[in-house]
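The values are calculated or read from the model by the stated rules, or taken from the named source; none is laboratory data. Note that this is a predicted model, so its numbers are computed, not measured. When we count neighbours, we look across all protein chains shown, and the Cβ atoms used for this are built from the backbone with ideal geometry, even at glycine.
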Amino acid sequence: MRVLMITQKLDPADPVLGFTAGWVRALLNRLQHLDVLCLERPPEDRLERFFGEYPPNLRTLSMGKERGLGKIGMARGFYRALIGVAQRTDLIFSHMVPRYTWMATPVAWSYPIPQLLWYTHRQDSRELRWAVRAARAVATAAPESFPFASQKVRVLGHGIDADFFAPDEDTPRDDPPLVVHVARLMPIKRQHVLLQAIAKLPDVPLQAAFVGAVPPGESAEYRLQLEQLAAGLGIADRVTFTGGLPPEGVRDMVRRATVAVNLSPPGLFDKAALESLMAGTPTIVATSAFDELLGERRAALRIEAPDDADGLANRLADLLDTSAEQRATMGADLRERTRAAHSLDGLMNRLVDLMAELAKVGRG
């Protein structure tokens with residue numbers, strides 16, 4: 001099967017989208033050929049280091065952002081690349097950006113080629129609904145990670161690289177205990193709630209690391225507010241803002257952490273929480289989407305609402321009061337649960353099966 005994947009970036013070092021390279025590597029092992037169309041061409045030497053050598057069944061295509069093209073120029077690059085591969089493509093797979101699906105529709109209908117969209121976000125939009133109409137199917141991670149009901153939606157789980165996020169016995173947990181929060185610095189991620197919770201635990205020895213940068217194009221005001229809040233609460237010396245880190249840096253932080261915290265609201269089945277769970281780090285969450293995964297650990301690891309600073313403080317205090325052996329047992333159990341439901345290999349098998357199903361139905 002020959003697939004065209006359309007995605008924003010294919011850069012293993014990107015702090016937010018670096019995981020896409022892992023998806024591509026896993027797909028290459030399951031497909032005859034994969035064309036990857038990105039906004040900008042990825043650094044070839046970086047891809048060669050990531051893959052070991054450049055895969056013979058991979059070709060990267062660009063819309064032209066690296067050449068300084070604007071929206072019109074990149075749209076031309078999009079269609080030029082799409083038309084160039086259409087005759088030898090069995091399926092178009094758009095990753096997270098509904099616009100790519102509806103923009104590809106004229107070419108998909110003309111040749112014709114079935115389309116599959118991957119989308120995991122609570123945000124509904126006109127563009128998303130156009131994309132759902134145009135796609136043969138839509139894949140998502142969990143029922144809560146897609147914003148409206150549709151018969152086209154297929155729930156496949158997330159894809160976390162179980163080998164990459166494996167616990168490392170040579171990486172000791174920090175002392176004093178490290179609490180890590182991995183997310184872009186945005187109000188919806190509720191970093192301020194963790195600061196409020198830490199301030200309620202003046203006698204509990206801990207350090208907190210906030211891993212993530214301000215999203216491109218967004219104001220840095222929220223980061224400044226967080227720094228001011230930490231100072232105002234008298235906990236600035238217990239808090240570190242690392243900025244964005246490459247995937248290896250994120251992994252190493254969650255390996256060092258005693259506890260991870262993810263305060264994304266309902267509708268965001270956050271991949272960052274699954275990564276820390278996969279690394280064997282007990283992770284406090286704030287949405288019922290994780291209840292099945294947590295199982296009997298739910299009482300210890302879920303708060304009732306993302307803004308529940310009191311509940312978060314209580315969970316942190318209880319977890320840090322348990323023995324290292326108890327937390328290790330909890331972490332190992334959570335890793336196995338996460339690997340069973342959300343490993344990269346499992347997701348790629350399910351995704352390629354769906355691609356084959358759509359391609360088998362035929363074009364048109």
Worksheet entry | Contacts under 8 angstrom Cβ, first residue in the range 351-364 being over 9 Å from residue 1 (Cβ atoms), partner assigned to a helix (DSSP H, G or I) and modelled with pLDDT of 80 or more, 6 or more apart | 351/27
Discussion item. Please pick out the residue among 256, 298, 238 that is under 29 Å from residue 119 (Cβ atoms), surrounded by fewer than 22 Cβ atoms within 10 Å (Cβ to Cβ) and basic (Lys, Arg).
Written reply: 298
Practice prompt. Go through the residues of the range 334-349 one by one and say whether even a single one is within 17 Å of residue 194 (Cβ to Cβ) and either in contact with a Lys or Arg (Cβ under 7 Å, 6 or more places away or on another chain) or among the basic types (Lys, Arg) (or both).
Written response: no
Fill in: Qualifying positions in the range 160-172 - touching a residue at least 40 places away in the same chain (Cβ under 8 Å) and either closer than 11 Å to residue 252 by Cβ or surrounded by fewer than 17 Cβ atoms within 10 Å (Cβ to Cβ) (or both)
164, 165, 166, 167, 168, 171, 172
Worksheet item: Scanning for something in contact with a Gly (Cβ under 9 Å, 6 or more places away or on another chain), assigned by TED's automatic domain parsing to the domain that holds residue 355 and exposed (fewer than 14 other Cβ atoms within 10 Å of the Cβ), does the range 47-68 turn up at least one residue?
Response: yes
Fill in: the range 296-313, residues that are farther than 22 Å from residue 120 by Cβ, part of a helix (DSSP H, G or I) and touching a residue at least 12 places away in the same chain (Cβ under 8 Å)
297, 300, 309, 310, 312, 313
Worksheet item: Which ones in the range 71-95 are within 17 Å of residue 9 (Cα to Cα) and modelled with pLDDT under 95?
Response: 71
Discussion item. Suppose the filter is surrounded by fewer than 18 Cβ atoms within 10 Å (Cβ to Cβ), at positive phi and not hydroxyl-bearing (Ser, Thr, Tyr); does residue 157 pass it?
Written reply: no
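This table checks each residue for (1) surrounded by 19 or more Cβ atoms within 10 Å (Cβ to Cβ); (2) in a helix (DSSP H, G or I); (3) small (Gly, Ala, Ser); (4) in contact (Cβ under 8 Å) with a residue 12 or more places away in the chain.
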site: 108; (1), (2), (3), (4): yes, yes, yes, yes
site: 116; (1), (2), (3), (4): yes, no, no, yes
site: 123; (1), (2), (3), (4): no, no, no, yes
site: 128; (1), (2), (3), (4): yes, yes, no, yes
site: 131; (1), (2), (3), (4): yes, yes, yes, yes
site: 139; (1), (2), (3), (4): yes, no, yes, yes
Practice prompt. Within the range 113-133, count every residue that is of a type outside the set (Val, Ile, Thr) and under 18 Å from residue 354 (Cβ atoms).
Written response: 7
Worksheet item: Restricting attention to the range 311-362, and to residues there that are of a type in the set (Lys, Arg) and surrounded by 14 or more Cβ atoms within 10 Å (Cβ to Cβ), which single residue is farthest from residue 261 (Cα to Cα)?
Response: 350
Discussion item. Being charged (D, E, K, R), touching an Asp or Glu at 6+ places or on another chain (Cβ under 6 Å) and in the same structural domain as residue 185 (by TED's automatic domain parsing) is true for just one of 223, 238, 256, 251. Which residue is that?
Written reply: 256
